[in-house]
Amino acid sequence: MPEMMQCFIEVVPSDTLKYEIDKVSGYLKVDRPQKYSNICPALYGFVPKTFCGEEVAAFSSEKTGRTLEGDGDPLDVCILSDRPIQHGNILVECIPIGGLRMIDHDEADDKILGVLKDDATYGAWTDITQVPTLMLDRLRHYFLTYKQAPDSGSSGCEIAHIYGREDAHEVIRRSRNDYEKRFGNLEEILGAALSVMR
């Protein structure tokens, strides 16, 4: 199971724009301005070589008792650090300690929670039970409201559960399986094409 994983950071807490990797070019692009007062309270990005497809959806469906689909994106991650990292578009190593089982319009949209490797304040945490309730509340509030317009009663997002390290490892494992099912042969095909071109 992934005791340590490398993650790509798209957004940092000081960002007033939502950045996202463009899936075609691989460049970081502006997805949208943060329209409202919400600011992401942690480093935010994704786990490379993951995909939220059938296996992730099945696990979320099993845990919630609902029929869900995967959101078709890489697995999202929030990383806690006491270091003021000023910009995204970087790779960091983190330790997964839990997650938020988020549902966005009947799609499984889990948010894995991790701590920055060797972080002075949070680096020794190994499970979400060590995270203060107020910190979890800030994360929950951000994801429940970051798409919500002022006059709207709901954002269409909900958090069904907060889960610990064991479930986080299972979601990561399933997202890697979903990636392999969807893109696994792509690396072989590209490798073969490059060797022919040489």
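The values are calculated or read from the model by the stated rules, or taken from the named source; none is laboratory data. Keep in mind it's a predicted model, so treat the numbers as computed, not measured. For neighbour counting, all protein chains shown are included, and Cβ atoms are generated from backbone atoms with ideal geometry for every residue, glycine included.
For residues in the range 1-54 being among the polar types (S, T, N, Q) and more than 13 Å from Gly88 (Cα to Cα), which is modelled with the lowest pLDDT? Only one residue tops the list, namely Ser37.
Taken as a whole, the condition of being at positive phi and touching a Cys at 6+ places or on another chain (Cβ under 7 Å) does not apply to Gly65.
Restricted to the range 171-198, and to residues there that are acidic (Asp, Glu) and out of contact with any Gly (no Cβ under 9 Å at 6 or more places or on another chain), the residue that is modelled with the lowest pLDDT is Glu187. Going residue by residue through the range 53-74, is there one that turns out to be under 25 Å from Tyr122 (Cβ atoms), touching an Asp or Glu at 6+ places or on another chain (Cβ under 9 Å) and in contact (Cβ under 8 Å) with a residue 40 or more places away in the chain? No, that holds for no residue. Of the residues that make up the range 158-170, is at least one at pLDDT 95 or above and among the hydroxyl-bearing types (Ser, Thr, Tyr)? Yes, there is a match, as at least one residue in the range 158-170 is at pLDDT 95 or above and among the hydroxyl-bearing types (Ser, Thr, Tyr).
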